[in-house]
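What follows is a short report on a single structure.
The values are calculated or read from the model by the stated rules, or taken from the named source; none is laboratory data. This is a predicted model, so every value here is computed, not measured. Each accessible area value is taken on the protein alone, full model and side chains, heavy atoms only, with ligands, DNA and RNA left out. Shrake-Rupley method; radii C 1.70, N 1.55, O 1.52, S 1.80 Å.
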Amino acid sequence: MSAINIKIDKRDLARLSKKIELLKKESTTELSKNIAHAAVFIQNKAIDKAPVYKGTEYTGGDLKQSIGSEARGTTAVIFAKAKYAPYQEFGTGTRVDVKDAAKLGIPPSEIKRLYKGNGKRKVNINPQPFFFPAVRIGLNKLLKDIEKDLKKLTK
């Protein structure tokens, strides 16, 4: 699986937040459409990048099938319902890697606490990020789409 390396830093998130507020003032309908489209975009990206079963190394299509999204108004939720999704995303044991989530402001210590284990068994699964890279790509796309709509609405 090839790695995705799209970064969104705190300044971009702050810029996105401001743009969302501006678009909300101009047109809640347009904002809702953008958020719904971003949710589906992120869902599809995550599905594309989710690991699949090959021999005994990876999980099967259940992970891809568990990824979904729901959007209502100006709120969206993107999820992976498979219980093992976070283990695939972050890895386990000594191989836990949380840099993709940390770039979005999620505290690395919290993720490591949940997935590093307590040393009773040595299960070291390599991380195969699929979810948070998709979120970062989707947020960048959402920012660009909102900027386009703001230009159209404020002409």
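Quick one: Karplus J couplings for the stretch 77-84, per residue in order, coefficients 6.51, -1.76, 1.60, θ = phi - 60°, nearest Hz, x for Gly and Pro?
10, 10, 9, 10, 7, 4, 4, 8
Skipping prolines and chain starts, which residues have an amide H placed within reach, meaning under 5 Å, of the one on Ile67, given they are 5 or more residues away or on another chain?
Lys81
Give me the accessible area of Glu21, 1.4 Å probe, in Å² rounded to the nearest 10.
Number for this one is 90 Å².
Between Leu104 and Asp62, 0.36 nm times their residue separation minus their Cα-Cα distance comes to what?
Contour length minus Cα-Cα distance gives 12.5 nm.
Using 0.36 nm per residue, how much length does the chain from Lys155 to Arg72 gain when fully extended, once their Cα-Cα distance is taken away?
Computed gain between Lys155 and Arg72 is 27.1 nm.
Just to verify a number: what accessible area does Val96 come out at with the full protein assembly present, 1.4 Å probe, Å² rounded to tens?
In the full protein context, Val96 sits at about 20 Å².
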